[in-house]
Amino acid sequence: MWADGPDEVPWHHVRDVLRLRPGDTYAFVCGDGFEYRARLVAKDRVEVLGRVALAPPAVRVSLYVGLLKSDAMDGVVQRATEIGVERIVAMQTERSLGGARLDRWRRIVRASAAQCRRGTCPEVAGPVRFEEAIGAGPGVLFWERASASLTGLVGSEVAVFVGPEGGFSEAEARLAEGRGVKICSLGARILRAETAAVVAPVLVMAALGEPGFS
């Protein structure tokens with residue numbers, strides 16, 4: 001369950017979704033790094049019983065994804081939150097579709113963080129132009145025409161670049177390569193853009209030793 005703060009009570013969820021009664025306990029997160037336990041004391045009063053720290057991801061991944069159609073982008077935002085992506089940036093590329101819906105995506109992020117018991121919410125930003133995003137730090141760009149693997153990737157912070165429907169153009173891939181970004185393959189099969197946007201960060205976190213992925 002998501003609350004706007006440790007002292008806020010999500011009454012709609014408590015009463016109408018969980019249908020809790022006085023004496024029942026529940027858990028919630030509010031993006032401050034903790035999970036809280038609370039008990040419904042009366043219909044209009046709760047008691048916070050305690051909190052436990054939730055470990056943040058060991059590998060900080062910023063996912064830059066070429067804008068997709070609305071439903072597909074919603075799914076990417078949701079699943080990227082679940083797997084532990086630290087930052088989600090919508091990116092305008094040569095083949096991008098759709099527009100940015102930041103307010104909607106931030107609501108999705110909060111709901112997803114609550115569902116997966118995540119202590120913090122990823123930042124949601126954009127849209128930014130590909131040329132501005134590329135080369136902002138250590139990065140990996142996934143391109144269907146690449147052959148290199150993630151072997152040798154090191155560090156604990158990395159930008160992951162995934163294209164829209166149709167992928168990156170050759171000019172975009174070469175620009176990224178020229179700025180020091182590693183160009184890698186996701187394997188022999190061509191994945192849908194929304195699938196690639198989830199698989200890519202998982203592979204990067206596994207390569208860098210994220211607990212539970214490696």
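The values are calculated or read from the model by the stated rules, or taken from the named source; none is laboratory data. Nothing here was measured: the structure is a model prediction, and the numbers come from that model. Backbone-built Cβ (ideal geometry, glycine too); neighbour counts: all protein chains shown. Each accessible area value is taken on the protein alone, full model and side chains, heavy atoms only, with ligands, DNA and RNA left out. Shrake-Rupley method; radii C 1.70, N 1.55, O 1.52, S 1.80 Å.
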DSSP bridge orientation in the chain - percent antiparallel, rounded to nearest 5: 35 percent
Computed lengthening from Val41 to Arg179, 0.36 nm per intervening residue step minus Cα-Cα distance: 43.9 nm
Nearest-0.05 FRET efficiency for Glu170 and Asp103, computed from C-beta distance (R0 45 Å): 0.80
Region 3-86: C-alpha gyration tensor shape, a/c 1.5 cut-off, then a/b vs b/c: oblate
Probe 1.4 Å, all protein chains present, accessible-area order of Glu132, Glu86, Glu210, largest first: Glu132, Glu86, Glu210
Neighbour net charge for Val85 - beta-carbon separation under 10 angstrom, K R +1, D E -1: 0
Zone of Ala188's modelled label, taken as backbone nitrogen in region 113-151 under 16 Å from a point 7 Å along Cα→Cβ: 145-149
Cα gyration tensor category, rounded, prolate or oblate, for region 73-214 with a/c compared to 1.5: oblate
Test item: Cα-centred dipole of the chain, Lys/Arg +1 and Asp/Glu -1 on Cβ, debye: 460 debye
Extension gain (nm, one decimal) between His13 and Val52, 0.36 nm per residue minus Cα-Cα: 11.9 nm
